[in-house]
Amino acid sequence: MRKYVVLFVCLVFLVIASGCTQSPAPVKPTATPTPLITQIATVTSTLTFTKTPSVSDNTITINKSGFYPASMTVKSGSTVRWLNADSTKDPALYNPTHRITVLNVADGQLISPGQSWSWIFYQPGTYPYSDMLHPDLAGTVIVV
């Protein structure tokens, strides 16, 4: 068994030694090298940024005094979010929960303080909305 181990170690040594003695062939350039920078061009352009409304841009906050803003104009396909920013220390005196209804379009779920409800408006038009729990709170979304 020992004889095979010695033979194996010698074989490995020969393989390693034969790979190390060969030197790489020199690389001869086939053409004259060209400079890396031949010309620097001056480029001037004007960037135009078009702001796409985000949900945060289309947020209507709710509290006991009303909606802010009460009227909002958005582009077709925009998402409008109603955020309940209301709170009260004594819910027996005032219910801080809200529920939005967009007239003849959609009824939202209950929105507790800190929560929100969103709706995507696809068709242009004027959409009145109100709070189902506090009917004196009302507003309008105008879709263009």
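Selection of segment 67-77 for residues being hydrophobic (A, V, I, L, M, F, W, C) and more than 25 Å from the chain's Cα centre (by Cα) yields Phe67, Ala70.
Each residue in segment 102-141 was checked for being more than 20 Å from Lys75 (Cα to Cα) and not hydrophobic (A, V, I, L, M, F, W, C), and 13 pass.
Restricting attention to segment 82-107, the residues that are modelled with pLDDT of 90 or more, in contact with a Ser or Thr (Cβ under 7 Å, 6 or more places away or on another chain) and buried (at least 18 other Cβ atoms within 10 Å of the Cβ) total 3.
Annotation note: of Val102, Val80, the sole residue that is under 24 Å from Val144 (Cα atoms) and more than 24 Å from the chain's Cα centre (by Cα) is Val102. Return a yes/no flag: does segment 103-116 have any residue that is farther than 15 Å from Lys64 by Cβ and among the acidic types (Asp, Glu). Yes: one or more hits.
When segment 47-68 is limited to residues that are assigned to a loop (DSSP other than H, G, I, E, B) and loosely packed, with under 13 Cβ neighbours inside 10 Å, the one that is modelled with the highest pLDDT turns out to be Ser65.
The values are calculated or read from the model by the stated rules, or taken from the named source; none is laboratory data. Because the structure is a prediction, the values reported are computed rather than measured. Cβ sites come from the backbone with ideal geometry, for glycine too, and all protein chains shown count toward neighbours.
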